[in-house]
């Protein structure tokens, strides 16, 4: 039997109540089973789930108390497919998802990053009415089309780079991501993957297809940190600043230069510290009205919560209104 065309990397950390449904959704695809493989990276043993995976020619990678970035890295490194699709343990694939991935990646050899919409479901698996970040138009973008990238971010912010279960990568891009950046990522790998693809991917596509059921429940990682602005806001700012500042600096080194790895490591390590994303992203995109609005908001909430990060971000916003050049230099200094 030849190599599979698609590798599905499923990640599970401590949560086992939904994993069997995620695994079954991969097993029950309409695509010929010889064309895809399943790799499950998890930190627990479960006889029922393990039996289900192994009986369907899936691979199990035993992981420990590691970051989500390292879980994904291990799955990518173990994969054999030309395309890598990701699935969180609490989400579920539409039965035709892999069949459509095969078609879209075969159709365009330059396609490196693919993204689609979600269908929200509850803990029981029932479809529910919930707010989503879906994009309702077809989008194609090339990484060297800088103006289009900026316009895309202005229109949709990070929405073409959220929900890891909606992202698929060409193996060449996934391998580079796993080599240089993912091992250092501790939160929001979807946003970081998107930022990386915006520079290193050849062609990025979003299709308004609904190919993943996204489960909303009390143990969602994204929901767990939704009130932790120091973490979640920095990830958003990181993604936007990465598009504007990160890659041109990195490209001054050769691809194999150790400085690349060290630079990315420093950026990733700062992803837990941060500022107020609305201020920083508004500065980068030069949205003056938002800078004023969010700077005042950041100052007030920073004083109320005694958060030096929010107060500092607000001050940077006010400085920008006086001297944009100095402010952007401060942002570059913070990240690099």
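Against the list (1) assigned to a helix (DSSP H, G or I); (2) touching a helix residue (DSSP H, G or I) at 6+ places or on another chain (Cβ under 7 Å); (3) at pLDDT below 50, the condition residue 222 fails is (2).
The residue of segment 58-72 that is surrounded by the fewest Cβ atoms within 10 Å (Cβ to Cβ), among those that are closer than 23 Å to residue 24 by Cα and modelled with pLDDT of 90 or more, is 62. Listed by first and then second residue, the pairs linking a residue in segment 68-82 that is under 12 Å from residue 171 (Cα atoms) and in the same structural domain as residue 163 (by TED's automatic domain parsing) to a residue that is part of a loop (DSSP other than H, G, I, E, B) and at pLDDT 95 or above, with Cβ atoms under 7 Å apart and 6 or more places separating them unless they lie on different chains, are 80/4; 81/4; 81/5; 82/5. Residue count for segment 21-36 under the criterion of being crowded, with 20+ Cβ neighbours inside 10 Å and closer than 23 Å to residue 215 by Cα: the result is 5. Pairs are defined by a Cβ separation below 7 Å, a sequence spacing of at least 6 or placement on different chains, a first member in segment 15-34 that is within 11 Å of residue 87 (Cα to Cα), and a second member that is part of a helix (DSSP H, G or I); the pairs so defined are 19/49; 23/49; 23/52; 23/53.
Within 23 Å of residue 190 (Cα to Cα), modelled with pLDDT of 95 or more, in contact with a helix residue (DSSP H, G or I) (Cβ under 9 Å, 6 or more places away or on another chain) and surrounded by 24 or more Cβ atoms within 10 Å (Cβ to Cβ): does that describe residue 42? Against the criterion (within 23 Å of residue 190 (Cα to Cα), modelled with pLDDT of 95 or more, in contact with a helix residue (DSSP H, G or I) (Cβ under 9 Å, 6 or more places away or on another chain) and surrounded by 24 or more Cβ atoms within 10 Å (Cβ to Cβ)), residue 42 does not qualify. Residue check: is residue 48 more than 21 Å from residue 184 (Cα to Cα) and either without any contact (Cβ under 8 Å) to a residue 60 or more places away in the chain or not assigned by TED's automatic domain parsing to the domain that holds residue 174 (or both)? When the stated conditions are applied, residue 48 passes them. Candidates 135, 162: the one that is touching a helix residue (DSSP H, G or I) at 6+ places or on another chain (Cβ under 7 Å), farther than 17 Å from residue 86 by Cα and modelled with pLDDT of 85 or more is 135.
With respect to residue 6, determine if the residue is surrounded by fewer than 22 Cβ atoms within 10 Å (Cβ to Cβ), touching a residue at least 12 places away in the same chain (Cβ under 8 Å) and closer than 21 Å to residue 81 by Cβ. It is false that residue 6 is surrounded by fewer than 22 Cβ atoms within 10 Å (Cβ to Cβ), touching a residue at least 12 places away in the same chain (Cβ under 8 Å) and closer than 21 Å to residue 81 by Cβ.
So which residues in segment 161-178 are over 10 Å from the mean Cα position of the chain (by Cα) and free of Cβ contacts under 8 Å to residues at least 60 places away in the same chain, if there are any at all? Passing the criteria: only 176.
The values are calculated or read from the model by the stated rules, or taken from the named source; none is laboratory data. Not measured: the values here are computed from a predicted model. Here Cβ is always computed from backbone atoms with ideal geometry, including for glycine, and neighbour counts include all displayed protein chains.
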